1. Residues in the range 67-77: is at least one touching a strand residue (DSSP E or B) at 6+ places or on another chain (Cβ under 6 Å), surrounded by 15 or more Cβ atoms within 10 Å (Cβ to Cβ) and either modelled with pLDDT of 95 or more or not in a loop (DSSP other than H, G, I, E, B) (or both)?
2. Which ones in the range 99-115 are under 14 Å from Ser84 (Cα atoms) and in contact with a Phe, Trp or Tyr (Cβ under 7 Å, 6 or more places away or on another chain)?
3. Please tell me if Ser132 is assigned to a loop (DSSP other than H, G, I, E, B) and more than 21 Å from Glu24 (Cβ to Cβ).
4. So in the range 83-99, with the set limited to residues that are loosely packed, with under 13 Cβ neighbours inside 10 Å and out of contact with any Lys or Arg (no Cβ under 9 Å at 6 or more places or on another chain), which one is nearest to Ala33 (Cα to Cα)?
5. Hey, any hits in the range 19-29 for a residue that's modelled with pLDDT of 95 or more and either in a strand (DSSP E or B) or closer than 17 Å to Arg116 by Cβ (or both)?
6. Name the residues in the range 93-125 that are part of a strand (DSSP E or B), within 14 Å of the chain's Cα centre (by Cα) and not small (Gly, Ala, Ser), would you?
7. With Thr114, Thr102 as the choices, which residue is surrounded by 16 or more Cβ atoms within 10 Å (Cβ to Cβ), modelled with pLDDT of 95 or more and more than 19 Å from Gly58 (Cβ to Cβ)?
8. Taking the stated definitions as given, is Thr90 assigned to a loop (DSSP other than H, G, I, E, B) and either β-branched (Val, Ile, Thr) or modelled with pLDDT of 95 or more (or both)?
Amino acid sequence: MGSGRDAEPFAPSIAPWLAVEDAEKAVAYYSDAFGAVELYRLAGEDGKVVVAQLSVGGAVLWVQQDPETRPDAESRAAIRLILSVEDPDTVFARSVATGAATVSPVSEEHGWRTGRISDPFGHQWEISRQLS
């Protein structure tokens with residue numbers, strides 16, 4: 001069974017797949033705001049991103065070009081992404097500086113330091129750190 005090499009056991013994971021109107025801009029935004037690193041890119045004939053897999057400190061998300069998608073925060077409010085980081089204040093400020101809208105500022109509540117943004121593509125993110 002397999003190649004005979006010692007392999008790491010398979011670990012299931014869940015990764016969000018975000019439809020965006022402009023994948024090229026989304027990849028740039030998530031790189032600038034969250035420090036995302038591009039792991040995979042499927043480009044169209046024009047060389048622009050169609051699908052990209054990104055990593056933020058080892059956490060994976062996907063971005064897909066979908067010209068029919070519009071940034072409508074109201075319809076996306078039922079899904080919220082949580083980005084746990086060492087310094088939520090800095091990441092929150094950088095997110096807003098690169099185009100996100102503040103939904104709720106960073107504060108401490110229920111054992112977490114967290115703030116919520118709506119990114120330029122309509123997705124809501126809680127940028128958080130659990131307090132000790």
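The values are calculated or read from the model by the stated rules, or taken from the named source; none is laboratory data. Because the structure is predicted, anything quoted here is derived from the model rather than measured. Ideal geometry is used to build each Cβ from the backbone, glycine not excepted, and the neighbour counts take in all protein chains shown.
1. Taking every residue of the range 67-77 in turn, none turns out to be touching a strand residue (DSSP E or B) at 6+ places or on another chain (Cβ under 6 Å), surrounded by 15 or more Cβ atoms within 10 Å (Cβ to Cβ) and either modelled with pLDDT of 95 or more or not in a loop (DSSP other than H, G, I, E, B) (or both).
2. Within the range 99-115, Val106, Gly115 qualify.
3. Criteria met by Ser132.
4. Among those residues, the one meeting the criterion is Ala97.
5. Yes, the range 19-29 contains a residue that is modelled with pLDDT of 95 or more and either in a strand (DSSP E or B) or closer than 17 Å to Arg116 by Cβ (or both).
6. Of everything in the range 93-125, those that are part of a strand (DSSP E or B), within 14 Å of the chain's Cα centre (by Cα) and not small (Gly, Ala, Ser) turn out to be Arg116, Ile117, Gln124, Trp125.
7. Thr114
8. no
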